[in-house]
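Asks: Just passing along the structure, written as structure tokens.
Quick note: the coordinates plus some simple rules give every number you see, no bench work behind them. None of the values given here were measured: they were computed from a predicted structure. Cβ placement follows ideal geometry from the backbone for every residue including glycine, while neighbour counts extend to all protein chains displayed.
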């Protein structure tokens, strides 16, 4: 018997919570929802039997999220004061299917973030009226509602793509923190707290700087590229280190940023970069000897 596609129903102009609930169903219950069709109704409503048939679905093949006051909705009177969301309700469901998802820190972060935003907790964030928050995922999704040719499917698809990207970035962030804690070598460069690390994860540089390291030296053990960065607010000047490296390394392709705070031997953006044969320890030794306050 051929597989019958299910129908997920959410509200028009799907917000972050609606997008999050659909995303979790499709991504973490693929057997049931990976190829599910999507339909939209007015907020709080359920899809009519006639409309469901037009989508080729029987009532038992329909799942409402963030609308309809069913299993994956949180707008019932008895749920009004609970800190839950459609996304958190779906999260509980997918975790019941696979208990390993409870240990997925990135997925938990996404669930908590969406639930907080759905309860307007962003009004308590630092500088809550700053324009920077208009660049966040929930406002970018909402921006589709202000475009002349608004389309529910386009808005939802954008939200799902954003969540795929956010999930990947958060996982990368978590991995970077673990790498710093497990493999980072703490240094003192030019009288400042520094870190040297061999890691495939380039996020280790920025995250280490957020953790208070003023200069970070990273070598990618697979690609061989080396990247050295000082915090923008640091008075460290990498010019002397750059010149010393060029004198010793006749193979690698190096670039020094005009700020004198970034010394780069390659990146995923530069397809013509040539990795340095220098080891991490060699570069660290040079940095300790050459960098001045």
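Asks: Would you mind calculating the gained length between residue 157 and residue 55 on full extension (0.36 nm times residue separation, minus the Cα-Cα distance), in nm to one decimal?
Replies: Net length gain for the segment: 34.9 nm.
Asks: Still on this structure, I have one more. Just to be sure I understand the model, the point goes 7 Å from the Cα along the line to the Cβ. What's the resulting residue 100 to residue 186 distance in nm?
Replies: My value for the distance between the label points is 3.5 nm.
Asks: Counting each pair of different Cα atoms once, what's the Kirkwood radius of segment 78-125 in Å, rounded to one decimal?
Replies: Computed over segment 78-125, the radius equals 11.4 Å.
Asks: Extent of segment 7-175 along each principal axis, from alpha carbon coordinates, in Å, largest to smallest?
Replies: Result for segment 7-175: principal-axis Cα extents of 48, 42, 32 Å.
Asks: Nearest 500 deg cm²/dmol is fine: what mean residue ellipticity at 222 nm does the chain get from its DSSP H runs of n ≥ 4 alone, each adding -39,500 (n - 2.57), divided by its residue count?
Replies: Mean residue ellipticity, 222 nm, calculated: -12000 deg cm²/dmol.
Asks: Okay, moving on. Using only alpha carbon pairs under 8 Å that are at least six residues apart, calculate the relative contact order of the chain and give it in whole percent.
Replies: 13
Asks: Give me the one-decimal Kirkwood hydrodynamic radius in Å for segment 184-290, with the sum taken over alpha-carbon pairs.
Replies: 13.5
Asks: What ranking of 271, 71 emerges when the number of other C-beta atoms within 10 Å of each C-beta is taken as an exposure proxy, fewest first?
Replies: 271, 71
Asks: Same structure again: Please report the antiparallel percentage of the DSSP beta bridges confined to segment 126-241, to the nearest 5.
Replies: 65
Asks: So, in Å, what gap is there between the alpha-carbon centers of segment 149-172 and segment 235-293?
Replies: Here the two parts' Cα centres lie 37 Å apart.
Asks: Let me ask something else. Over segment 7-175, what is the relative contact order in percent, taking alpha-carbon pairs closer than 8 angstrom and at least six residues apart?
Replies: 28
Asks: Okay, moving on. Using 1/(1 + (r/R0)^6) with R0 = 25 angstrom and r between the beta carbons of residue 169 and residue 134, what's the FRET efficiency to the nearest 0.05?
Replies: After rounding, the FRET efficiency stands at 0.85.
Asks: How much of the calculated P(r) for the chain lies past 25 Å, in percent of all Cα pairs?
Replies: Roughly 59 percent, once rounded to a whole number.
Asks: Count the DSSP beta bridges whose two residues both fall in the chain, then state the antiparallel fraction as a percent rounded to the nearest 5.
Replies: 55
Asks: To continue, here is another question. Residue 202 to residue 149: extension gain in nm, 0.36 nm per residue of separation minus the Cα-Cα distance?
Replies: Separation in residues times 0.36 nm, less the Cα-Cα distance, equals 15.2 nm.
Asks: List the relative contact order of segment 184-290 as a percent without decimals, with contacts defined as Cα pairs under 8 Å and 6+ residues apart.
Replies: RCO, segment 184-290: 24 percent.
Asks: Using only Cα atoms and rounding to the nearest 10 degrees, what angle (0 to 90) does helix 239-248 make with the longest principal axis of the chain?
Replies: 70
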